[in-house]
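Heads up: the structure comes next, in structure tokens.
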Amino acid sequence: MPETNRVLIIDDEPDIRELLSMTLSRMNLDCETVGTIAQAHDLLNDGDFDLCLTDMRLPDGNGIELVRHIQEHHPELPVAVITAFGSVDTAVEALKAGAFDFVSKPVQLDELRQLVTAALKLAQQDPRSRRSRYALLGNSRPMRQIRAMIAKLARSQAPVYVRGESGTGKELVARLIHEKSARAEEPFVAVNCGAIPTELMESEFFGHKKGSFTGAIADKPGLFQAAHGGTLFLDEVAELPVEMQVKLLRAIQEKAVRPVGGQSEIPINVRLLSASQVDLADLVQERRFRQDFYYRINVIELRVPSLRERGEDIPELANHFLNRLSLKTASQVALSEEAYQALKNYPFPGNVRELENILERALALCEGDTINVADLALPRRADGSGDLERSAFRLGEEPLETFLERVEKAALSEALGQTGHNKTAAAKLLGMSFRSLRYKLDKFGIE
């Protein structure tokens, strides 16, 4: 017979202990119940448990104190807390202290069962098996720290706010948190909040009923329903209108959504991750972002470093991208030492995404099996300081990737115009091979 999972329940109310014990016993769990933190410490020292469930107010202390103790002395043990109804601040404090999740009184048994099931999945995971198909490359100190933080956050249900510049890999970090968590087998739904038209936001997030508005020809589930049981990732969350922030805050707090045109609410079970390249705290100060929503999604903040802060990782990243790109072109190329040095000295305002784009372009431009500095086509510098030439590109006014594409497209179009659309002559005029020209024309959709 498989070994029975053991759960430690701490609550000073006998009726609550009995209700919890009966509910979990029906899930074939072996429950130990106590009424004080001191008794809990004795049991934790003497036996192995797979889950701890504790009330917040206990005769000899606070449940958060127990959460911190378990984090320090039993880090592999998931602990969930029971909070008073409406005590959002207390629940957030418990999550920051390391609690796996929380339930509010009066305890809803279905919600409790979901929490316990998720926590036990986590407890049964072998840390060595928590592998992902995604990889966060680099062995610099910032990357070692962020990987350790991801492993820690994966053991929680707490909302996480991922902050970092454009191109640093915020969505990759969010996917890793999901894939190393107890929700790994459930959906990961990513949405760019800036890409949804304002008038469609409520329908996109909460779904709609047939006939609720013009064009609603059938019932449609929203993003929260699509992510049920898994993780909902709100990318560019700063782009959400204030009115939508209010509605999302209510859905998160109530753990339920009402589709547009619907008469009843639908329970939801999602973990919320969000990201932005701008500092939400600044937007809160400017009253462009609601403070209550900010505190609800930013229980834990995780900052992703820029590529400038981890320049020692550039060779590993460059080799990774070249190997991947070479598989598509069936050609093996390498960077010259001068090219490596040029990349190390470049400020990368577009971060890792820009590095990948530069190498993709260089692979198309190089004639042999070595990528030289000229093939990188890095923006010219005004002097030895490393500043980008301001007359060509101004930081903040336009993403570097967009700027480079605009310049390339203009040069290609001009060359084709001058040569009467003779591609061989255009390639010669631009100083590139016919293969490189054809690659560029296909990439930009130029006929």
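Only the coordinates and a few stated rules stand behind these numbers; no lab work does. Everything quoted here is computed from the prediction, not taken from an experiment. Every residue, glycine as well, gets a Cβ built from its backbone with ideal geometry; the counts of neighbours run over all protein chains shown.
Across segment 1-66, C-alpha contacts under 8 Å between residues 6 or more apart give a mean separation that, scaled by the residue count, equals a relative contact order of 41 percent. Along segment 261-275 the Karplus relation, 6.51 cos²θ - 1.76 cosθ + 1.60 evaluated at θ = phi - 60°, assigns HN-Hα couplings of x, x, 9, 9, 8, 10, x, 10, 9, 10, 9, 9, 10, 9, 8 Hz to successive residues, with x for each Gly and Pro. Only Lys, Arg, Asp and Glu carry charge here, each on its Cβ (+1 for the first two, -1 for the last two); on that basis the chain has a dipole of about 1380 debye about its Cα centre.
With coordinates expressed along the principal axes, the C-alpha atoms belonging to segment 253-356 extend over 63, 36, 21 Å, beginning with the largest. The modelled label-to-label distance for the pair E338/V407, using points 7 Å beyond Cα in the direction of Cβ, is 1.9 nm.
Rounded to the nearest 20 debye, the dipole magnitude of segment 216-348 is 460 debye, with +1 charges on Lys and Arg beta carbons, -1 on Asp and Glu beta carbons, and the Cα centre as origin. Based on the convex hull around the alpha carbon atoms, the chain presents an average projected area of 28.1 nm². Counting only alpha carbon atoms, the long axis of helix 400-418 and the longest principal axis of the chain meet at about 30°. Toward the positive end of the charge dipole of the chain, with +1 on the Cβ of Lys and Arg and -1 on the Cβ of Asp and Glu, the farthest Cα among S87, L176, V116 is that of L176. Scaled to the globular estimate 2.2 N^0.38 Å, the Cα spread of segment 148-257, given as radius of gyration, is 1.14. Amide H to amide H, with H built 1.01 Å from N, A334 comes under 5 Å of T370, I371, counting only residues 5 or more places away or on other chains.
Toward the positive end of the charge dipole of segment 312-356, with +1 on the Cβ of Lys and Arg and -1 on the Cβ of Asp and Glu, the farthest Cα among Q341, P315, S331 is that of S331. Here the chain is scanned for trypsin sites (Lys or Arg not before Pro) in DSSP loops (not H, G, I, E, B) that have at most 14 other Cβ atoms within 10 Å, and the longest stretch holding none of them is 27-130. Counting 0.36 nm for each residue step from A256 to N45 and taking away their Cα separation leaves a gain of 72.1 nm.
Axis of helix 242-254 versus longest Cα principal axis of the chain: the two differ by about 40°, to the nearest ten degrees. Taking every DSSP beta bridge that has both ends in the chain, the antiparallel portion is near 15%.
Ignoring lysines fewer than eight residues from K409 along the same chain, the ones with Cα atoms less than 20 angstrom from its Cα are K423, K428, K440, K443.
Dipole orientation for segment 1-154: of the candidates N28, N139, G98, N139 has the Cα lying most toward the positive pole (charges on Cβ; Lys, Arg +1; Asp, Glu -1). Derived scalar couplings between HN and Hα for segment 40-48 equal 5, 4, 4, 5, 5, 6, 9, x, 9 Hz in order, rounded to whole Hz, by the Karplus curve 6.51 cos²θ - 1.76 cosθ + 1.60 (θ = phi - 60°), x for Gly and Pro. Computed from the Cβ-Cβ distance with R0 of 56 Å, the FRET efficiency linking A281 to Q418 stands at 0.60.
Across segment 149-156, rounded Karplus estimates of 3J(HN,Hα) from the backbone phi angles (6.51 cos²θ - 1.76 cosθ + 1.60, θ = phi - 60°) give 5, 4, 4, 6, 5, 5, 8, 10 Hz, Gly and Pro being marked x. Compared with the dominant Cα axis of the chain, that is its longest principal axis, helix 170-179 is turned about 40°. Cross-link reach is defined here as a Cα-Cα straight distance under 15 Å, omitting same-chain residues fewer than 8 places apart; for K96 the aspartates and glutamates meeting it are E65, E72, E301.
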